Every structure is written in C-alpha cells, then in structure tokens.
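Reading through the structure tokens given below for one structure.
Just so you know, all these numbers are worked out from the coordinates, no wet-lab data involved. Just so you know, these numbers come straight off a predicted model, no measurement behind them. No Cβ is skipped: glycine too gets one built from the backbone with ideal geometry, and neighbour counts run over all protein chains shown.
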Amino acid sequence: PSAMRELLVEIPNVRWSDIGGLDNLKLKLRQAVEWPLKYSDSFRRLGVPPPGGVLLYGPPGCSKTMIAKALATESGLNFLSIKGPELFSKWVGDSEKAVRDLFRKARQVAPSVIFFDEVDAIGGERGDGEAGVHERVLAQLLTELDGVVPLNSVTILAATNRPDRMDRALLRPGRLDRIIYVPLPDLETRSQILELKLATMSVSSAVDSHDLANRTEGFSGAELHAVCHEAALKALEENIDSVEVKVEHFEHALKEFTPRTPHNLLKIY
Ligand code: ATP
C-alpha cells in the first residue's frame, strides 16, 4: 500500500487577484514557473535546461502558500503539498518511501506542482539524534529533484521561514535554485490586502483601508486578517444583531493586536 494514501491531489482555487499587492513578485514568479511550461519548445530549441525549483522565503503569514496555490490555479496544474515535518511524523519509518511516492504521484497527475512547506525541516543540522533518517530523506529528495523525468511537467515549489536552516545541498543548481523573498507587506500591499478583506465583510463606509494600512506597519497579511476578525467579533460582542463593523471596532482591534514577527527573524532575511 502507498505510504502516501493520505496525500491529496488538489485543484486549488486561489487567483492572483486574491493576493493583495506584490505585483513585481507575481510577475517574477509567473516568468519563473509559467514560461518554462508554456514555452517548453522554445526553451528546448535554445538549449536552455529545464529550470529547477523555486524557494519562497520570508516571515510567516505573508502569502507563500497562497502564491504556490495561485501558480497552480492560474496554470491549471494539479497541486500536491506536504509539510517537511510531516514526512517524519506521519510516515514514521517510511519517510523515504513517502518522498518516492510523492514524486511518483506528481508525475502521474502532471502537469503538476509539488509544494514543500517548512522545507527547512528536511536535512540540515539536527540536534535530535535523528540524523540517520533525516539524511536518508534528504538523499531521497535530492535523487528525485535531480532525476524527475521530465522535470518540466512537475514544478517544484518550496517555502521556509528559516532560510538559514536550509540544507545547502537543496539549493544547488537544478534543485531549488531560484530563491525569492516574500517580505512583510509594505504600505501599498497592506492597503490592498485590507481592501480585499473589507470587501468580504459588512463594514461602515467610514472605515478607511488606507488609514488602517498606515497604522499597521510590521503586520503580516495573516495578522491584518486577524485584526479584521477581531473587529468583527467586537461588533458582535456589543450587539449580536450588528449589521456592520464600525471604526470604533477597528480601533479596539488595533489596540488588542501587536505584530508578532520576531525582530531577530527579520534580521536574517
Ligand atoms: P506560513 O509561513 O505561516 O505558512 P505563508 O507565508 O504561507 O505562512 P499564507 O498561508 O499564504 O502565508 O497566508 C496566510 C493567510 O494570510 C492567508 O490565508 C490570507 O488569509 C492572508 N494573507 C497573507 N498575505 C496576503 C495577501 N498578500 N493577500 C491576501 N491575503 C493574504
């Protein structure tokens, strides 16, 4: 039986337009992932080898997973995802087979994307006495990355908050060789994230997304969403029949909420 029977092949439903801001980043990624698929003949003609995978790195809650899903949705690719630590917990004793099965499945349903979240958990220096299994899983993964035939129909995406903990072997040419930073949202991006979110809520017309964006420097996208939820809860707490979330509820939420990305994490990027 397959060790990966729990593995789901998804057809995600995240569009580029669901992701606020980050216009340059979206363009760069489309070139990196969509072009080699769409123009594979041209690449071959010019003798350009099929590109390796893309590593997205940056603070938590800043849309790395959404981006991976949007790349799959917008190119019509099947999406397989796995979190690094799951390889060691869910498939104990069978982690190498899990890696093999994952790639086999991805080839079966190609064109497809494999998304490795928390990829830093694979390989690297380990202090937990589990060096044996980590080394074997890393070796299996490297074999698959080097050998996937043909690589241009299985796109490899990976994400990490801790690029400093990545095993260097994963970053060599042909493997995860395109490395893209997904930062905390800047003012413009925060404004767009909030606008998208507020559009799905019932909010007073006095609530101003630009003002909120100005006052949320350092917040991740996920934290901006959390502020909006907090404001909505406050409105309901005051009156369960509330019909809209008001400025005062956002004021309350902003007071409750401070951004949590550790400063020393930002320093390593
Ligand atoms: P982690 O490192 O914790 O896995 P991540 O970078 O993969 O985080 P996502 O899971 O993609 O982040 O984003 C978390 C949530 O934050 C999303 O589901 C979405 O609700 C919101 N979000 C973050 N960034 C954006 C954005 N640019 N536009 C719209 N929503 C966003």
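Per-residue extension of 0.36 nm, minus the Cα-Cα distance of Leu27 and His225, leaves a gain of 68.9 nm for this segment. Put simply, region 10-94 fits an ellipsoid with semi-axes of 25, 19, 13 Å; these come from the alpha carbon gyration tensor as the roots of five times its eigenvalues, largest first.
Subtracting the Cα-Cα distance of Leu171 and Arg260 from 0.36 nm times their residue separation leaves 29.2 nm of extension gain. Counting only DSSP H runs of at least 4 residues, each contributing -39500 (n - 2.57), and dividing by the residue count of the chain, the helix-based mean residue ellipticity at 222 nm comes to -12500 deg cm²/dmol. Sorted on the mean count of surrounding Cβ atoms within 10 Å across their residues, most packed first, peptides 63-71, 110-118, 236-244 read 63-71, 110-118, 236-244. In this simple spin-label approximation, Lys38 and Val109 carry label points 7 Å from Cα along the Cα→Cβ vector, and these lie 2.4 nm apart. The largest-to-smallest principal axis extents of the Cα set in region 4-145 are 44, 36, 28 Å.
Against the longest alpha carbon principal axis of the chain, how many degrees, from 0 to 90 and to the nearest 10, is the axis of helix 95-108 turned? That works out to roughly 90 degrees.
Any idea what diffusion coefficient the chain gets from Stokes-Einstein, in µm²/s, Kirkwood Rh on alpha carbon pairs, 37 °C, 0.692 mPa s? Using the Kirkwood radius from Cα pairs, D works out to 162 µm²/s. Across region 180-226 the C-alpha pair distances fall into 10 Å bins from zero in the proportions 28, 57, 14, 2 percent. Checking the cross-link pairs Lys69/Lys246; Lys197/Lys246; Lys197/Lys267; Lys197/Lys255; Lys38/Lys69 against a 25 Å limit on the alpha carbon distance flags Lys69/Lys246; Lys197/Lys267 as lying beyond it.
Of the three principal axes defined by the Cα atoms of region 223-264, the extents in descending order read 43, 14, 13 Å.
Restricting the calculation to Cα atoms, every distinct pair contributes to the Kirkwood radius of region 146-269, found to be 17.2 Å.
In this simple spin-label model, placing a label point 7 Å from the Cα along the Cα-to-Cβ direction at both Asp146 and Lys83 gives a separation of 3.1 nm.
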